[in-house]
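Beneath this line is the structure, given in structure tokens, with notes to follow.
The values are calculated or read from the model by the stated rules, or taken from the named source; none is laboratory data. Given the structure is predicted, the values throughout are model-derived calculations rather than measurements. Neighbour counts are summed over all protein chains in view; Cβ atoms, including those assigned to glycine, are modelled from backbone coordinates with ideal geometry. Protein only, heavy atoms only, side chains kept; ligands, DNA and RNA dropped before computing areas. Shrake-Rupley method; radii C 1.70, N 1.55, O 1.52, S 1.80 Å.
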Number of protein chains: 2
Amino acid sequence: MKLTAAQLDQFHDDGYLFLPDWFDADEVRLMKAEVPGIFAQRRPENVRERTGDVVRTAFAVHTYNPVFGRLVRHPKFLEPAEQLLGGTVYIHQFKINGKAAFDGDVWQWHQDYGTWAADDDMPEPRAMNLAVFLDEVTEFNGPLFFIPRSHRRGKLAAGHDVTTTSYPLWTIDHDTIARLANEGGMVAPKGRPGSALFFHCNLVHGSAPNMSPWGREIVYVSLNRVDNAIRRFKRPEWIAHRDFTPLQAMGADCLRELAREPAALR
Amino acid sequence: MKLTAAQLDQFHDDGYLFLPDWFDADEVRLMKAEVPGIFAQRRPENVRERTGDVVRTAFAVHTYNPVFGRLVRHPKFLEPAEQLLGGTVYIHQFKINGKAAFDGDVWQWHQDYGTWAADDDMPEPRAMNLAVFLDEVTEFNGPLFFIPRSHRRGKLAAGHDVTTTSYPLWTIDHDTIARLANEGGMVAPKGRPGSALFFHCNLVHGSAPNMSPWGREIVYVSLNRVDNAIRRFKRPEWIAHRDFTPLQAMGADCLRELAREPAALR
């Protein structure tokens, strides 16, 4: 499950790595089938859109759902993360972002580390996101927009946006975005369900609203190096976790074996 | 300047025709240079975004600006329009849509004929739009989304949306959009400045907000067959014109000769 030297170089150069079909169809089907039951729950971890009664983000699903409890320990995520971050890691944040058909709203331009530093006092940008598409991501359903190489600028000045969406975020001003995008360009990785996106916690990204009739669910696992644990606990535990125990990888079949033995799920 | 039989068939089948580089670089440069002066004007024809003090739509520019006064009579627009609509035509509406960097807002799913029938009492869908890109249109700056073949469904039921944007529009419900898009798919024509898009007045379309740092100006000329003139005049004349005189084409060089002799402009 390890990344090649060329892949590691690409991540460090561009700030991200796109891996089409990283998870197989059985693994995706297993995960996808869990989502309606998760989104139907009325719980604080499920943040809804301002524009409609649909889930924008379901946090901390790995703490109560056995399928996603295995995904976070899957060697396809964990081995690359340890390579890229250079040490053992723990789960800082877990979310499923819904980006629902018609209602999925904008994510303004931001760096994740901006929020993790400002709100959680994470010492250094030694963290990253590992994402897997549960739906096909197209140009129509609000793909992520990345500004390649923007992670090399370190943490950028940001303002706390508590008005434009239903979830507070430290966002970056327009002049900075224009300068970075005119230098680095912009990319929008698209692909089939099961494709994975790994990206640096300082990579500047955002996504437009989804005005298409096709939903676009993406799972994000944010891993942080164990020796870089957060030092402020003002946000709920389900947004910024406080269990700094190093994650242990499961077997490569950890999801597929659940698909074969669904009874073990319940 | 005439379209081929294959192009006519494609328009009638799909509801649109995309013509890369239909206008040349000199013509685009001439038009593009006019826009800042037009957008800077405080006049009722310039509708601003709800999200910022930037122009969403500049109506009726052809009535006071000599460059766009020539564009509407350019044979590259007028000859195809007469072929496609099967008769002489007049200008029903003219607009430059700004879709400004960062602030350019959504256009919800709609048919133009829905508004022209409901508000202006246009008898039949014998009208069309001819658009030219003044900027490069990419996946990042809010391209038009078309649902191919949706024009064959005739006028669809619509509701009057006076809240989600700064400009009132008759928009189509989500269930209908989902059904049409699952049948016909979705396309987003993209290309260099000077590229043209011709589309039927019943083709369902919309566009997402522009969260990129790159503006996206498109000129839209809406032509209607002279024998299909509107019968209700409740909207301002600069939104729904009342001069039903058949347009006469100018020469193929009508824009380029202004580029060569800018003094003639003033």
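Residues whose amide H falls under 5 Å from that of A:Gly98, counting only those 5 or more places apart or on a different chain, are A:Thr57, A:Ala58, with hydrogens built in the peptide plane.
Under 30 Å from the Cα of B:Lys155, which lysines turn up, not counting those fewer than eight places away in the same chain? Reachable lysines: A:Lys99, B:Lys2, B:Lys76, B:Lys95, B:Lys99, B:Lys190, B:Lys234.
Ignoring any ligand, DNA or RNA, what whole percent of the accessible area of the protein assembly as shown comes from carbon and sulfur when the probe is 1.4 angstrom? The partial results should precede the final answer.
Working: 10230 of 20130 Å².
Here it works out to 51 percent.
Rounded to the nearest Hz, the phi-derived 3J(HN,Hα) couplings of the range B:232-247 under the Karplus curve 6.51 cos²θ - 1.76 cosθ + 1.60 (θ = phi - 60°) are 10, 10, 7, 8, x, 4, 7, 9, 9, 5, 10, 9, 9, 5, x, 5, where x marks glycine and proline.
So, R0 is 22 Å and r is the distance between the beta-carbons of B:Asp243 and B:Asp121; what FRET efficiency does that work out to, to 0.05?
Values: r = 17 Å, r/R0 = 0.76.
According to the calculation, E is roughly 0.85.
Structure remark: mean-square fluctuation, Gaussian network model of chain A, C-alpha springs under 10 Å; the largest value among A:Thr88, A:Thr163, A:Thr57 belongs to A:Thr163. Residues of the range A:194-214 with an amide N closer than 15 Å to a point placed 7 Å from the Cα of A:Ala25 along the Cα-to-Cβ direction: A:194-195.
Between B:Asn224, B:Asn182, B:Asn202, the Gaussian network model of chain B with springs among Cα atoms under 10 angstrom shows the greatest mean-square fluctuation at B:Asn182.
For the range B:192-266, the convex hull spanned by the alpha carbon atoms encloses 208 Å³ per residue. Karplus-based coupling profile of the range A:117-124, in residue order and whole Hz: 6, 5, 8, 10, 6, 6, x, 9, with θ = phi - 60° in 6.51 cos²θ - 1.76 cosθ + 1.60 and x standing for Gly or Pro.
For the range A:128-213, GluC sites (Glu not before Pro) are listed when DSSP marks them as loop and at most 16 other Cβ atoms sit within 10 Å of their Cβ; the list is A:Glu136.
Each label point was placed 7 Å from the Cα along the Cα-to-Cβ direction; for B:Val162 and B:Lys234 their separation is 1.0 nm.
Buried surface between chains A and B: roughly 2000 Å² of accessible area, summed over both sides, computed with a 1.4 Å probe on protein heavy atoms only. In the full protein context, the range B:31-102 carries 32 Å² of accessible surface per residue, based on a 1.4 Å probe and ignoring ligands, DNA and RNA. Qualifying trypsin sites (Lys or Arg not before Pro) in the range A:45-122, where qualification requires a DSSP coil assignment and no more than 14 other C-beta atoms within 10 Å, comprise A:Arg50.
Where the eigenvalues come from the Cα gyration tensor of the protein assembly as shown, what are the semi-axes √(5λ) of the equivalent ellipsoid, largest first, in whole Å? Write out the running numbers ahead of the final one.
Numbers: eigenvalues 464, 117, 82 Å².
Values for the protein assembly as shown, descending: 48, 24, 20 Å.
Over the range A:109-244, what is the relative contact order in percent, taking alpha-carbon pairs closer than 8 angstrom and at least six residues apart? Please list the in-between numbers first.
Values: 251 pairs, mean separation 63.8, N = 136.
Contact order relative to length: 47 percent.
When a/c is below 1.5 the answer is rounded, else prolate if a/b is larger than b/c, else oblate, so apply that to the range B:132-266 with a ≥ b ≥ c taken from the square roots of the Cα gyration tensor eigenvalues. Please list the in-between numbers first.
On the way: a/c = 1.85, a/b = 1.28, b/c = 1.44.
Cα axes put the range B:132-266 in the oblate bin.
Label zone of B:Ala6 (point 7 Å out along Cα→Cβ, amide N under 15 Å): in the range B:63-101 this covers no residue at all.
The overall shape of the range B:55-178, judged from the alpha-carbon gyration tensor, is oblate: a/c is not under 1.5, and a/b is no greater than b/c.
Label separation (B:Asp253 vs A:Val226): 7.9 nm, computed from points 7 Å beyond Cα along the C-beta direction.
Would you be so kind as to list the residues of the range B:166-193 that have their accessible area lowered by at least 10 Å² in the full protein complex compared with their chain by itself (1.4 Å probe)? Correct list: B:His174, B:Ile177, B:Ala178, B:Ala181, B:Asn182, B:Met186, B:Ala188, B:Lys190.
Comparing Cα centroids, the range A:155-180 and the range A:232-249 end up 24 angstrom apart. Across the copies of the chain, A:Thr163 has label points (7 Å from Cα along Cα→Cβ) spaced 2.0 nm apart, shortest distance listed first. Separation of the range A:1-70 from the range A:102-125 is 16 Å, based on Cα centroids. Over chain A, Cα pairs under 8 Å with separation of 6+ residues give a relative contact order of 34 percent.
Comparing the full protein assembly with the isolated chain, the residues of the range A:98-124 losing at least 40 square angstrom of accessible surface (1.4 Å probe) are A:Phe102, A:Trp109. Inter-copy label distances at B:Glu183, using a point 7 Å along Cα-to-Cβ, come to 5.0 nm with the shortest given first. Sorted from nearest, the other copies put their A:Pro123 label points 8.0 nm away, the label point being 7 Å from Cα in the direction of Cβ.
From the Cα gyration tensor of chain B, with a ≥ b ≥ c the square roots of its eigenvalues, which class applies: rounded if a/c is under 1.5, or else prolate if a/b is larger than b/c, or else oblate? Rounded, since a/c falls under 1.5.
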